[in-house]
């Protein structure tokens with residue numbers, strides 16, 4: 001799917017769930033011809049508008065884009081929302097109430113009627129999070145009025161410990177965040193719609209690794225160690241939290257139609273049939289940010305050898321900097337990373353089409 005088609009879908013897609021029945025509107029005296037008796041409403045939308053010339057979530061691919069990776073369809077970033085929680089704070093960020101809506105339905109309008117919250121006239125701040133439940137939840141399940149926003153945390157439940165670290169072996173759930181600040185709510189005036197935009201706080205990283213030795217029945221894994229499992233109501237990560245790890249086994253890139261190995265398992269190709277592997281993996285990560293500690297390792301489990309180690313954020317920043325660029329982790333949510341380890345002297349790196357040859361002395 002090309003960028004133009006994706007943009008067309010983006011401009012047509014709006015987020016949603018209707019949170020108030022038509023009967024309730026009728027009882028309040030709110031009718032299409034006369035909005036004087038309608039309560040102000042909070043409309044939640046996905047991040048669909050284009051920031052400048054770049055589409056949200058779409059990376060700016062460089063001239064050497066060559067990974068044969070099927071990138072995540074834009075709709076998938078919003079198709080796994082089980083619920084939305086809206087926190088309401090006063091103008092000083094003291095908690096007032098929370099509202100929780102159900103499953104997100106693509107292309108509808110997600111509407112929070114503010115009269116349900118029974119808010120008196122005044123200025124308010126709204127914060128929205130998605131997918132509170134099994135993986136993500138607040139440290140304060142039932143907050144009391146007056147609780148300061150600074151006391152809230154949105155935490156990810158850490159998984160079982162593997163090799164002394166909590167380890168996610170499968171994809172985590174998407175999570176989305178949005179805020180709307182200093183909104184003046186006046187009940188008895190013409191209908192006013194306030195739009196709160198929510199956008200993903202997860203990143204997908206696709207690895208394609210070439211040139212790894214195929215001898216001795218290898219078993220390669222990619223590991224990313226982080227500590228950004230907790231965020232505050234400004235969506236800033238909370239430091240000094242325990243480390244955790246994302247772990248995935250690198251599997252062999254699908255063979256061509258004429259390759260008689262295509263029906264074998266990931267590592268059933270005999271060592272005497274090829275001398276190197278072309279393997280890949282895809283990981284969905286919690287929000288990647290500077291200073292969270294995104295240590296990247298590729299290891300041979302059979303030999304307990306580390307074949308590549310670098311900080312993920314530093315690696316992306318290094319490659320982009322060669323072209324006078326800085327990665328935008330807020331708007332680019334997917335990174336394609338190709339590592340060619342064929343040479344003993346250097347590693348050829350391709351990240352979203354931008355290439356760099358990393359000398360072994362730089363590791």
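What follows is calculated from the coordinates using simple rules that are stated; it is not laboratory data. Bear in mind the structure is a predicted one, so any value in this text is a computation, not a measurement. Here the Cβ is made from the backbone with ideal geometry for all residues, glycine too, and neighbour counts use every protein chain on show.
Average the reciprocal distances over every distinct pair of alpha-carbons in the range 140-189, invert the result, and give the Kirkwood radius in Å. Walk me through the intermediate numbers first.
On the way: mean 1/r = 0.0645 Å⁻¹.
So the Kirkwood estimate lands at 15.5 Å.
In what order do 167, 130, 306 fall by count of nearby beta-carbon atoms within 10 Å, going from fewest to most?
On the way: 167 17, 130 26, 306 12.
Lowest count first: 306, 167, 130.
Remind me, what semi-axes does the range 151-232 give for its equivalent ellipsoid, largest first in whole Å, using sqrt of 5 times each Cα gyration tensor eigenvalue?
Working: eigenvalues 392, 58, 15 Å².
Those come to 44, 17, 9 Å.
Counting other C-beta atoms within 10 Å, which of 217, 137 has the fewest, and how do the rest follow?
On the way: 217 10, 137 17.
Placing the least packed residue first, the sequence is 217, 137.
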Let me know the Kirkwood hydrodynamic radius for the range 275-363, please, with Cα pairs as the basis and the value in Å to one decimal. 14.2
Could you put 196, 348, 250, 363 in order, starting from the residue whose Cβ has the fewest other Cβ atoms within 10 Å? 363, 348, 196, 250
Once the Cα gyration tensor of the range 109-166 is diagonalised, semi-axes √(5λ) in Å: 32, 15, 9
